[in-house]
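Accompanying notes for the structure given below.
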Amino acid sequence: MDAVSKGNQAAESFIRPKILLASTMPWASGARLAIGLSRVGCKISALCASKDPLRKTSAVDQIFPYSGFRPLRSVTAAIEVSCPQVVVPCDDRAVHHLHELYKFRPSDAIAALIERSLAIRTVTLLPPPATVC
């Protein structure tokens, strides 16, 4: 492999956004989302149960096991190992897990990732409504 090829590979891996899909239900929508995101150049990791369709697609680069008995530990481990830029929940339970994790870890890097992923803190562009006395 020549120096140009190595440089191109390094640039490609640096540019590819890293996304963690969090799925607690074995629905096909998570796998479809992974395929679509992979096609536009994202590096996909998935947190999912053993029967989830995410495990069947080649669009997912890394898979982490989801445990319904220790869901917050599963989510935390997947985030710490995959180091994603965004976490995308694929179902309501995954959203709930992210909110619970955010509640217990309000000031660390995982909380900042969850804020960014779920847009927990948003900027209000409109002034507050006038109060009526």
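The values are calculated or read from the model by the stated rules, or taken from the named source; none is laboratory data. The shown structure was predicted, so the numbers you read here are calculated from the model rather than taken from an experiment. Please note: Cβ atoms are built from the backbone with ideal geometry, for glycine as well, and neighbour counts cover all protein chains shown.
Per-structure values
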{"read-out": "Within region 94-110, tally of residues that are surrounded by fewer than 15 Cβ atoms within 10 Å (Cβ to Cβ), of a type in the set (Ser, Thr, Tyr) and in contact with a helix residue (DSSP H, G or I) (Cβ under 8 Å, 6 or more places away or on another chain)", "value": "0"}
{"read-out": "Hits in region 1-39 (condition: within 20 Å of residue 85 (Cα to Cα), at pLDDT 95 or above and aliphatic (A, V, I, L, M))", "value": "19, 20, 21, 22, 31, 33, 34, 35, 37"}
{"read-out": "Elements of type strands (runs of 3 or more DSSP E) in region 43-93, at least 2 residues being exposed (fewer than 14 other Cβ atoms within 10 Å of the Cβ) and small (Gly, Ala, Ser)", "value": "none"}
{"read-out": "Verdict on residue 28 being in contact with a helix residue (DSSP H, G or I) (Cβ under 6 Å, 6 or more places away or on another chain) and small (Gly, Ala, Ser)", "value": "yes"}
{"read-out": "Enumeration of residues in region 25-40 that are in a loop (DSSP other than H, G, I, E, B) and either under 15 Å from the mean Cα position of the chain (by Cα) or surrounded by 14 or more Cβ atoms within 10 Å (Cβ to Cβ) (or both)", "value": "25, 26, 27"}
